[in-house]
Amino acid sequence: MKQIALDIGLSTGPTMQNFFPGPNRPAWEHLNLWLGRGGAQAARSPVPTYLWGASGSGKTHLLKAVREALREQGAVVGWLDAGMQEPPAFSEAWAAVLLDDVHLFTAVQQQAAFNWFVHAQTLQRTVIGSGDQPPAGLRLRDDLRTRLGWGHVFALAVLSEPERRAVLRQAADARGVFLGDEVMDFMLTRFSRDLPSLMELLDLIDAYALQTKRAITVPMIRAMMEES
C-alpha cells in the first residue's frame, strides 16, 4: 500500500508540454513549429537540428518529447543513444532520426549515425541530434560532425536556481499546492536539482499529501521518504 501511494504521482515522461523553456525557448518553439503543435501546420523541413549544452539543460528531454509527440501522430522514428550497443539498420518507415548524446557515441554508433543521416537526407527526413559541445567541438568522425552542424543549431542553458524556484512555484500553483520557502529550500538542497527530477518529486509530494491529508511541510516529506 505504501508503494502504491508513492507511485500515484509519477511523471508520465518527457513531453513538450512539461518542458519548461526558460532561456531555451527558441529551441522549444522551433521544435513545436516543426511538430505542428499549438494549431500551427507542421513545418517538417528536412534540415537537421542540433541541440547542445551541459547535462541537465534539457537536451534528452526535448528529444524524447519529440519522439513522444511523433508517436501520438502515428509516426515512428529512429532513435540512437550511447546505451544502444547494436544499432538497427535504417528503416524507410521512420519519419525522423533522433541521435541523443552524440558525444558519447562509439565508433560503431558513429558509423550507424552517419549511415542513418545519409539515408534520412536522401528521403528528405529530418535528423535531430544532441551533444554536450557545439558541432565544431565534437570528437566525432568528420563526416558526421559536419552534418550535425550544417542545419539549425541551438545552445541550451541549465536553468538558474531562481528559475528553478519559479518553475516549482508555478507548477505547485497549477496543482493548487502551496510550497513554503522552507520546503522549497529542502527540495533544492536535499534532492537532485535537475528540473525533471524536481517535477517528479513535486508529483510524489502532492500525491502523498493528498493521500495522508497533510499539509506539505519538511516533516511530511521526511515521512514520505521513510515510507518509500
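Every number in this text was worked out from the coordinates using simple rules, so none of it is lab data. As the structure is a computational prediction, the values presented were derived from the model and not from experiment. All Cβ positions, glycine included, derive from the backbone under ideal geometry; neighbour counts span all protein chains shown.
Report, by chain and number, residues whose modeled amide H sits under 5 Å from the one on V158, excluding near sequence neighbours (fewer than 5 apart, same chain).
The answer is A54.
Any chance you could get the radius of gyration and Dmax over the Cα atoms of the stretch 114-228, in Å?
21.1, 59
Given the alpha-carbon gyration tensor of the stretch 178-228, what are the semi-axes of its equivalent ellipsoid in whole angstrom, ordered largest first, with each equal to the square root of 5 times an eigenvalue? Can you show the working numbers first?
Working: eigenvalues 53, 28, 21 Å².
Ellipsoid semi-axes (Å, largest first): 16, 12, 10.
222 nm [θ] for the chain, helices only, -39500 (n - 2.57) per DSSP H run of 4+, per residue, to 500?
Working: 9 runs with 108 residues, N = 228.
-14500 deg cm²/dmol, from helical runs alone.
Among residues other than R125 whose Cβ falls under 10 Å from its Cβ, what is the net charge (Lys/Arg +1, Asp/Glu -1)?
Numbers: positive: R44; negative: E92.
Summing Lys/Arg as +1 and Asp/Glu as -1 gives 0.
For a Förster distance of 30 Å, can you work out the FRET efficiency between the beta-carbons of A174 and T146, rounded to the nearest 0.05? Don't skip to the answer; put the middle values down first.
Values: r = 43 Å, r/R0 = 1.44.
That pair, A174 with T146, gives E of 0.10.
For Q133 and A166, FRET efficiency with R0 = 30 Å and r from the beta-carbon atoms, rounded to 0.05? Kindly include the intermediate steps, with their values, before the conclusion.
Working: r = 28 Å, r/R0 = 0.95.
Rounded to the nearest 0.05, the efficiency is 0.60.
Apply the Debye scattering formula to the chain, with a single equal point scatterer on each alpha-carbon and no solvent, then give log10 I(q)/I(0) at q = 0.08, 0.14 Å⁻¹.
Each listed q corresponds, in turn, to -0.35, -0.91.
How far apart, in nanometres, would the label points at E92 and D194 be if each is projected 7 angstrom from Cα along the Cα-to-Cβ direction?
Each label point is offset 7 Å from its Cα along the Cβ direction, giving 3.8 nm.
Can you give me the Rg/Rh ratio for the stretch 23-123, using Cα atoms for both radii and the Kirkwood formula for Rh? Could the numbers behind the result be given before it?
Details: Rg = 13.6 Å, Rh = 14.4 Å.
Radius of gyration over Kirkwood radius for the stretch 23-123 works out to 0.95.
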